[in-house]
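Asks: Have a look at the structure that comes next, please.
The values are calculated or read from the model by the stated rules, or taken from the named source; none is laboratory data. No experiment lies behind these values; they were computed from the predicted model shown. Note that each Cβ is placed from the backbone with ideal geometry, even for glycine, and that neighbours are counted across all protein chains shown. Ligands, DNA and RNA are excluded from the accessible area calculation, which covers all protein heavy atoms including side chains. Shrake-Rupley method; radii C 1.70, N 1.55, O 1.52, S 1.80 Å.
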Amino acid sequence: MSTGFFEGLSKVTYKGADGDGDLSFRHYNPDEVVMGKRMEDHLRFAVAYWHSFAWEGGDPFGGQTFERPWHPQDDMGRAKMKADVAFEMFEILGQPYYCWHDADIRPEQGSYAENLSTLNEITDYMGEKQEATGTKLLWGTANMFSHRRWMSGASTNPDPDVFAYAAATVKGCMDATHKLGGENYVLWGGREGYETLLNTDLNQELDHMGRFLNMVVDYKHKIGFKGTILVEPKPQEPSKHQYDYDAATCIGFLRKYGLENEVKLNLEQGHAILAGHSFEHELAVAGAEGMLGSIDMNRNDYQSGWDTDQFPNNVPEVALAYYQVLKAGGFTTGGTNFDAKLRRQSLDPVDLIAGHVGGMDVCARGLKAAAAMLEDGGMEDALKDRYAGWETPEAQAMLCSDLETISNRVLSDNLNPEPRSGRQERLENYINKFV
């Protein structure tokens, strides 16, 4: 049944390169086979409930610009209305998945017991909608950064009562995710960090965070949750120094606390940029360690210093990202979540559809370019050629040798190597043939 919010909009379909307007897919054809797999099964698109439905259009300098019929989001009637609109949009777009924080889907009640009650009620309601529409939950998570109780952290909070409240909150969200058949559970520690070391015991906070995540993994196994536990790196915003700075930092943390075989990473384009990296760098680091789980697809404004969460529109960037995803074996339980929001001036419901349609097309183009590059093999051949010297028995033996033996060889053979070109420009030209 139509809610009337998207009045006049019909289901978005694939019409190819000659499709008219911005409300049809020119490149995203769910059934197109890429490298032996349907495009929909490669990309596994998801809508982010928070940006699409919970966000009210504010920014650091101004308040609400969106006036939706479910605003203010303060009772269960509006929560259910929001869910009605959300599932209508999922059907219009044909997105197979969605994602949520608990605070996106239920009103804040003040106490844990009341929040748990409304969470259970709304997820029962959403479960019925999943059955009716076929839309699935890619992942759930707990918002432990917005409410004032989290201002000094959740699992890293100096107050043990806040740690306890966080543990209870995550348990409730994991139960709800499990109930809805979620394929992952994500932890993003927006307040897991510090503003100043003058009032922070960094070692204790990291130990508490490690213990908390071990409890999460233990509970996953206790309830029989078959999905993947994911953590999401971000270097700053809201905390000045966040403990989950980037992929490498998170991997080091997971190894320190014995979680490297239990937890993977949910990586975001915008967060990579804030950390001073490219998205493909973060994906390559996670892929090399076997810890690439899922991605949040968006882009940042390169002239702004904060996380702007815009829809992706740069095909070459996206192609290089999916190249790393495909090299890592592609998604299993993970997918492509659009952690992207409208601009605060984009007020119309149709803008929400258009933003996702454009993002899905850009991702489809990027995926096809990445697959074509992998199938052509030029990039991999160039890498193999550059490191070919290491394939010799002498080079391999050197890795098992010692400094003195190697030094004697350099002297006896009078080694004086000449540098070889990295051929970056030629490789950039090669990539441009595909994008």
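Asks: Does ALA164 satisfy the condition of being free of Cβ contacts under 8 Å to residues at least 24 places away in the same chain and of a type in the set (Gly, Ala, Ser)? Step through it out loud before you land on a result.
Replies: Values: free of Cβ contacts under 8 Å to residues at least 24 places away in the same chain: yes; of a type in the set (Gly, Ala, Ser): yes.
When the stated conditions are applied, ALA164 passes them.
Asks: If I ask for residues that are surrounded by fewer than 20 Cβ atoms within 10 Å (Cβ to Cβ) and assigned to a loop (DSSP other than H, G, I, E, B), which ones from the stretch 308-342 would you list?
Replies: The answer is THR308, ASN313, ASN314, ALA328, GLY329, GLY330, THR332, THR333.
Asks: Right, next: What is the one condition in (1) open to solvent by less than 50 Å² (accessible area, probe 1.4 Å); (2) more than 23 Å from the chain's Cα centre (by Cα); (3) under 27 Å from ASN266 (Cβ atoms); (4) among the acidic types (Asp, Glu) that ASP102 does not satisfy?
Replies: Failing condition for ASP102: (2).
Asks: So which residues in the stretch 36-71 are open to solvent by 20 Å² or more (accessible area, probe 1.4 Å), of a type in the set (Phe, Trp, Tyr) and in contact with a helix residue (DSSP H, G or I) (Cβ under 8 Å, 6 or more places away or on another chain)?
Replies: TRP50
Asks: Residues being more than 19 Å from CYS363 (Cα to Cα) and surrounded by fewer than 24 Cβ atoms within 10 Å (Cβ to Cβ): count how many of those fall in the stretch 264-286. Give the steps one after another, and end with the answer.
Replies: Kept after step one, since they are more than 19 Å from CYS363 (Cα to Cα), are these residues of the stretch 264-286: 264-265, 274-277, 285-286.
Okay, now just the ones that are also surrounded by fewer than 24 Cβ atoms within 10 Å (Cβ to Cβ), so 274-277, 285.
Residues meeting the conditions: 5.
Asks: Another question, then. List pairs: first in the stretch 286-308 and closer than 24 Å to GLY227 by Cα and touching a residue at least 60 places away in the same chain (Cβ under 8 Å), second buried (at least 24 other Cβ atoms within 10 Å of the Cβ) and basic (Lys, Arg), Cβ under 9 Å, 6+ apart or cross-chain?
Replies: GLY293/LYS264; SER294/LYS264
Asks: Among (1) of a type in the set (Asp, Glu); (2) over 17 Å from HIS356 (Cβ atoms); (3) modelled with pLDDT of 95 or more, there is one condition GLU88 misses while meeting the rest; what is its number?
Replies: (2)
Asks: Applying the selection to the stretch 163-190, what residues are buried (at least 20 other Cβ atoms within 10 Å of the Cβ) and within 24 Å of LYS256 (Cβ to Cβ)?
Replies: ALA166, VAL170, MET174, ASN184, TYR185, VAL186, LEU187, TRP188, GLY189 - these are the residues of the stretch 163-190 that are buried (at least 20 other Cβ atoms within 10 Å of the Cβ) and within 24 Å of LYS256 (Cβ to Cβ).
Asks: Scanning the stretch 193-224 for residues that are crowded, with 19+ Cβ neighbours inside 10 Å and of a type in the set (Phe, Trp, Tyr), which turns out farthest from the chain's Cα centre (by Cα)?
Replies: By that ranking, first place goes to TYR194.
Asks: Oh, and also: Of everything in the stretch 235-263, what is open to solvent by less than 10 Å² (accessible area, probe 1.4 Å) and within 13 Å of the chain's Cα centre (by Cα)? Give them in sequence order.
Replies: Result: ALA247, single match.
Asks: Quick check on this structure: which one of GLY8, GLY4, GLY77, GLY21 is farther than 27 Å from ASP307 by Cβ, open to solvent by 10 Å² or more (accessible area, probe 1.4 Å) and in a helix (DSSP H, G or I)?
Replies: Details: GLY8 fails: in a helix (DSSP H, G or I); GLY4 fails: in a helix (DSSP H, G or I); GLY21 fails: in a helix (DSSP H, G or I).
Just a single option satisfies the conditions, and that option is GLY77.
Asks: Still on this structure: Given the stretch 362-435, what helices (runs of 4 or more DSSP H) lie entirely inside it while holding 3 or more residues that are farther than 30 Å from ASP31 by Cβ, free of Cβ contacts under 8 Å to residues at least 12 places away in the same chain and more than 38 Å from the chain's Cα centre (by Cα)? Even if it seems obvious, please write down each step before you answer.
Replies: Working: elements: 378-386, 393-398, 403-413, 424-432.
Qualifying helices (runs of 4 or more DSSP H): 393-398, 403-413.
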